[in-house]
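The values are calculated or read from the model by the stated rules, or taken from the named source; none is laboratory data. Everything numeric here is computed off the predicted structure, so don't read it as measured data. Neighbour counts run over all protein chains shown; Cβ positions are idealised from the backbone, glycine included.
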Amino acid sequence: MSKLVGVLALQGDFEAHAKMVRALGAQAREVRVPGDLEGLDALIIPGGESTVMTLGIEREGLAEPLQTLARSGTPILGTCAGMIMLDREHLGLLDITTRRNAFGRQIRSFEADIEVEGIEGGPMHAVFIRAPWVAEHGPGVEVLGQVKEHPVAIRQGNMLAVSFHPELAADTRLHALLLRMNGN
Ligand code: GLN
């Protein structure tokens, strides 16, 4: 049976993620309220604007249900603002501190080819848009990829987070990795 992947759809570029999930033969469900989390095999928190997404999560009472889902072992992928949402200061699910807009104002957006551990077949073409990086992380966090020695791809147990936008680069390998991760 094909897997059911939720994409948090409060704000940001959730549609591109849903498309990628479907391209891989899985089902995608837009998540807007806690009930939408029911029965998911995996969840994606997309890029967007972390301040706006935080307000949406509060408004819909999604923080606790998201934390419960993550702690139950369901695979989760956060990209860009999605990485920020998972950090210590937001949902508190990843043992990381992120620095918002870390690459500076003059380089708000750029692209780079980066090697990501666990992703076979050459570097990923990564699109960074006002991206964060991981400023600090605990021992349970594995760094999978870096730019200028700053972590931009990490894994902690069932959770993956990247600073860039894989959904904009027509590279489905990270989404495929999420689908291969086994929840409980
Ligand atoms: N700069 C945004 C933030 O801080 C993140 C940008 C993105 O998700 N592309 O929330």
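General remarks:
- Selected residue [part of a loop (DSSP other than H, G, I, E, B), away from the ligand (no atom under 16 Å from the Cβ) and on the phi > 0 side of the Ramachandran plot] from GLY121, GLY104: GLY121
- Checking each residue in segment 128-150 for being within 16 Å of the ligand (Cβ to nearest atom), closer than 12 Å to ALA161 by Cα and part of a strand (DSSP E or B) picks out TRP133, VAL134.
- Cβ separations smaller than 6 Å between residues 6+ apart or across chains give the following pairs from segment 41-57 residues that are farther than 16 Å from LEU4 by Cα to residues that are among the aromatic types (Phe, Trp, Tyr) and within 12 Å of the ligand (Cβ to nearest atom): PRO46/PHE14.
- If only residues of segment 47-79 that are assigned to a loop (DSSP other than H, G, I, E, B), more than 13 Å from LEU160 (Cβ to Cβ) and of a type outside the set (Asp, Glu) are counted, the one that is nearest to the ligand (Cβ to nearest atom) is GLY47.
- Of the candidates LEU40, LEU86, LEU62, the single residue that is at pLDDT 95 or above, within 24 Å of ILE129 (Cα to Cα) and touching a Gly at 6+ places or on another chain (Cβ under 8 Å) is LEU86.
- Being farther than 18 Å from LEU160 by Cα, surrounded by fewer than 22 Cβ atoms within 10 Å (Cβ to Cβ) and not small (Gly, Ala, Ser) is a description that applies to GLN11.
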